[in-house]
1. How about the range 205-220: which of its residues are free of Cβ contacts under 8 Å to residues at least 40 places away in the same chain and surrounded by 14 or more Cβ atoms within 10 Å (Cβ to Cβ)?
2. Can you give me the number of residues within the range 47-60 that are surrounded by fewer than 17 Cβ atoms within 10 Å (Cβ to Cβ) and of a type outside the set (A, V, I, L, M, F, W, C)?
3. Count, please, the residues in the range 32-72 that happen to be among the hydrophobic types (A, V, I, L, M, F, W, C), in contact with a helix residue (DSSP H, G or I) (Cβ under 6 Å, 6 or more places away or on another chain) and farther than 21 Å from residue 94 by Cα.
4. Answer with yes or no whether residue 108 is part of a helix (DSSP H, G or I), surrounded by fewer than 14 Cβ atoms within 10 Å (Cβ to Cβ) and at pLDDT 90 or above.
5. In contact with a strand residue (DSSP E or B) (Cβ under 7 Å, 6 or more places away or on another chain) and within 29 Å of residue 159 (Cβ to Cβ): does that describe residue 68?
6. Checking the condition under 24 Å from residue 121 (Cα atoms), out of contact with any Gly (no Cβ under 9 Å at 6 or more places or on another chain) and outside the structural domain of residue 206 (by TED's automatic domain parsing), which residue from 43, 18, 82 passes?
7. From the set of residues in the range 85-105 that are part of a loop (DSSP other than H, G, I, E, B) and more than 22 Å from residue 185 (Cβ to Cβ), which is modelled with the highest pLDDT?
8. Can residue 82 be described as under 12 Å from the mean Cα position of the chain (by Cα) and either within 25 Å of residue 21 (Cβ to Cβ) or at pLDDT 90 or above (or both)?
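The values are calculated or read from the model by the stated rules, or taken from the named source; none is laboratory data. Because the structure is a prediction, the values reported are computed rather than measured. Every residue, glycine among them, receives a Cβ derived from its backbone with ideal geometry; neighbour counts consider all protein chains shown.
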Amino acid sequence: MAEGTVLVIEDEENLQEALKYNLEREGYDVLTASDGERGLSLARDKRPDLVILDIMLPVLDGLEVCRILRREHDTPIIMLTAKGEEVDRVVGLELGADDYITKPFSMRELLARLRSVLRRTRNQSREDTLPSSELLTSGDLQVDLAGHTVRLGDKELELKPREFDLLALLVANKGRAFTRDQILERLWGQDYIGDARTVDVHIRWIRQKLETVPGSPNRIVTIRGVGYRFQG
């Protein structure tokens with residue numbers, strides 16, 4: 001039985017072949033694409049368990065592919081970036097990539113990151129991180145755990161699954177400050193080895209939907225030197 005299906009979107013032929021060979025040796029079914037447009041089409045048609053996505057791609061670049069994929073569904077994405085492309089790494093995280101790895105890299109490192117992402121995606125249990133009460137309220141904010149919906153007054157907010165879980169965690173623990181590491185451990189898993197800034201990115205996304213003035217938040221506040229706290 002295959003470990004899962006991985007889509008590799010990489011235009012460098014030698015690297016694509018090396019990834020395919022090593023992933024298949026580890027028991028994964030592997031799909032490949034050499035440009036962003038073809039990769040996006042395969043992702044939509046085949047719904048792989050994980051996507052390995054290069055940033056620099058012909059036809060449609062990796063950042064745009066990531067943006068579109070994340071808008072449509074929550075397939076885990078590991079982005080490949082060239083050495084020194086710090087801006088691209090940050091943008092990739094902001095677009096919703098689950099992790100990134102910088103070229104050149106060892107296959108051992110990539111496989112470790114891939115297993116980590118798949119493991120926390122498959123095994124993550126909301127019951128381990130969220131309270132048993134099905135409805136969380138704070139003023140005009142309602143977080144319905146059973147229905148997986150969030151309402152702010154008369155408006156229903158559209159949150160991605162990880163945004164929902166993060167908001168629910170903070171609302172359920174109103175007044176408690178969480179460090180980025182604590183949030184990562186609870187929602188991304190103990191074996192997460194990616195960038196802690198992904199927490200900041202998700203907080204910013206939530207604030208854009210939740211706060212009246214996202215740049216001056218009064219619900220989810222930053223505790224300097226610590227992390228974040230929901231205060232209503």
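1. Taking the range 205-220 first, the residues free of Cβ contacts under 8 Å to residues at least 40 places away in the same chain are 207-208, 211-218.
If the condition is that a residue be free of Cβ contacts under 8 Å to residues at least 40 places away in the same chain and surrounded by 14 or more Cβ atoms within 10 Å (Cβ to Cβ), then 207, 211, 214, 217 are the ones that fit.
2. 2
3. Total satisfying the criteria: 2.
4. Details: part of a helix (DSSP H, G or I): yes; surrounded by fewer than 14 Cβ atoms within 10 Å (Cβ to Cβ): yes; at pLDDT 90 or above: yes.
Yes: the conditions hold for residue 108.
5. Working: in contact with a strand residue (DSSP E or B) (Cβ under 7 Å, 6 or more places away or on another chain): no; within 29 Å of residue 159 (Cβ to Cβ): yes.
No, not satisfied.
6. Values: 18 fails: under 24 Å from residue 121 (Cα atoms); 82 fails: under 24 Å from residue 121 (Cα atoms).
Only one candidate passes the filter, namely 43.
7. In the first step, residues of the range 85-105 are kept if they are part of a loop (DSSP other than H, G, I, E, B); the result is 85, 96-98, 103-105.
Checking which are more than 22 Å from residue 185 (Cβ to Cβ) leaves us with 85, 103-105.
Numbers: 85: 61, 103: 88, 104: 88, 105: 91.
Checking each candidate, the answer is 105.
8. Details: under 12 Å from the mean Cα position of the chain (by Cα): no; either within 25 Å of residue 21 (Cβ to Cβ) or at pLDDT 90 or above (or both): yes.
Considered against the rule, which asks whether it is under 12 Å from the mean Cα position of the chain (by Cα) and either within 25 Å of residue 21 (Cβ to Cβ) or at pLDDT 90 or above (or both), residue 82 comes out as no.
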